[in-house]
Amino acid sequence: MPLKIIDYGSKEYKQMVDLRTQILRKPLGLTFSPEDLEKEKDNLLIAAYEDDEMLGCCMLIQVAPDTVQLRQMAVKAGLQGKGIGRVLMQFAENIAADRGNKKIIMHARKTAAGFYEKLGYKIVGKEFKELNIPHFNMEKML
């Protein structure tokens, strides 16, 4: 399964927005505004493929000199639990470490916290609501 960094505004980026819309936004009755997407132009955009089909994606945002935030992790419907998310996370962690980062943080949906805990992430603080969904702050030292 090839993993790659994709360019903002590219054909692959459009696939990424479509996948994130289907998995993360549409079930909540939400969409991405042009302003939401404009904010992503400096993010590190990562995707997993099979042939030309995007299977999963995530992004990293530099939030401090040695810390990145993982956002918008999505795996195609019907493919969750098949190791795609784990491989994406390992790739993202390796890239983050290679760029001198010491920590990854995230706002994880409560329903996904167990997945991240298996990968070594720890819950930090109390449950909170984001987009009316229960979340946890999670982090991992690299």
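The values are calculated or read from the model by the stated rules, or taken from the named source; none is laboratory data. Given the structure is predicted, the values throughout are model-derived calculations rather than measurements. Cβ: placed from backbone, ideal geometry, glycine included. Neighbour counts: every protein chain shown.
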Considering each of M141, M106 in turn, give the residue that is within 21 Å of G83 (Cα to Cα) and in contact with a strand residue (DSSP E or B) (Cβ under 6 Å, 6 or more places away or on another chain). M106
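Could you go through the stretch 47-68 and let me know if any residue there is free of Cβ contacts under 8 Å to residues at least 60 places away in the same chain and aromatic (F, W, Y).
So far as the stretch 47-68 goes, yes, one or more of its residues are free of Cβ contacts under 8 Å to residues at least 60 places away in the same chain and aromatic (F, W, Y).
If we only count strands (runs of 3 or more DSSP E) wholly inside the stretch 29-123, which ones have 1 or more residues that are polar (S, T, N, Q) and modelled with pLDDT of 95 or more? So that I can check it myself, show each step before the final result.
Values: elements: 44-50, 53-64, 67-75, 103-109.
Passing ranges, in order: 53-64, 67-75.
Free of Cβ contacts under 8 Å to residues at least 60 places away in the same chain and touching a strand residue (DSSP E or B) at 6+ places or on another chain (Cβ under 9 Å), is that true of M1? Let's see the steps before the verdict.
Details: free of Cβ contacts under 8 Å to residues at least 60 places away in the same chain: no; touching a strand residue (DSSP E or B) at 6+ places or on another chain (Cβ under 9 Å): yes.
In short, no.
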Are any residues in the stretch 1-16 in a loop (DSSP other than H, G, I, E, B), under 21 Å from Q90 (Cα atoms) and at pLDDT 95 or above, and if so, which ones? D7
Those residues of the stretch 16-46 which are surrounded by 11 or more Cβ atoms within 10 Å (Cβ to Cβ) and in contact (Cβ under 8 Å) with a residue 40 or more places away in the chain, in sequence order: M16, L19, R20, Q22, I23, L24, L30, L44, L45, I46
